[in-house]
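Here is the structure we will look at.
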């Protein structure tokens, strides 16, 4: 699989321990909203494994954008990238993944699981085709939300926040369960897009199955299913 050396164009903090990274876009490089790629620094260092990140920018922008969260889990690539300076070079791979928009539905995500969805929503907004979609977005605290104002501007009342660590007036507190989804889902004959941690994906998938949502209406990145050893059936 091909890889490309690109310069870092911008690095800004976007949320708690989360940074927005913009890099050069290789000539004729294209991706589908919802896809991901791998980023690496020094490919000659065997300890420098590739790390996967989702595209968040528009497909026709002259740069590529990623949101990268430093989880303090010892990932050296993330630490090197967020501590880089403008003009330094990193390598990116080819676009991968099959998480893509198939039609109007409800997006249920947690934390950085918003990143592929952000690319999808931005693309739909540009096409004036965002109406009817809903986002249920779970985070630990308000400070963890990625692009909160932009998401509210795009979705308005179809943007639902849920927090698991800190309580806020006017917002839901706790984890997504059967009762919560029953309250926010009136039609199971729509697409449901899920993304987040392994525990989150497994939990939401189980709830949707209990609600008798058909398998073909549940959209999860296949690479995530394989990594988490999860099956829809």
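Here, each number is a calculation from the coordinates, and none is a lab measurement. Quick caveat: nothing in here was measured; it's all calculated off a predicted structure. Ideal geometry is used to build each Cβ from the backbone, glycine not excepted, and the neighbour counts take in all protein chains shown.
Tabulated data
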item: Rg/Rh for the chain, where both radii come from Cα atoms and Rh is the Kirkwood radius; result: 0.96
item: Protection proxy ranking, peptides 90-103, 149-162, average beta carbon neighbours within 10 Å, highest first; result: 90-103, 149-162
item: C-alpha long axis of helix 198-210 to longest principal axis of the chain, angle in °; result: 30
item: Over the chain: helical MRE at 222 nm, DSSP H runs n ≥ 4 each giving -39500 (n - 2.57), nearest 500; result: -6500 deg cm²/dmol
item: When the range 3-93 is reduced to its Cα atoms, the Kirkwood hydrodynamic radius in Å; result: 13.3
item: Antiparallel DSSP beta bridges within the chain, percent to nearest 5; result: 55
item: Label zone at residue 164, where the point sits 7 Å out along the Cα-to-Cβ direction: the range 1-21 residues whose backbone N lies under 18 Å; result: 16-18
item: Contour excess over end-to-end distance, with Cα ends at residue 7 and residue 98 and 0.36 nm allotted per residue; result: 30.1 nm
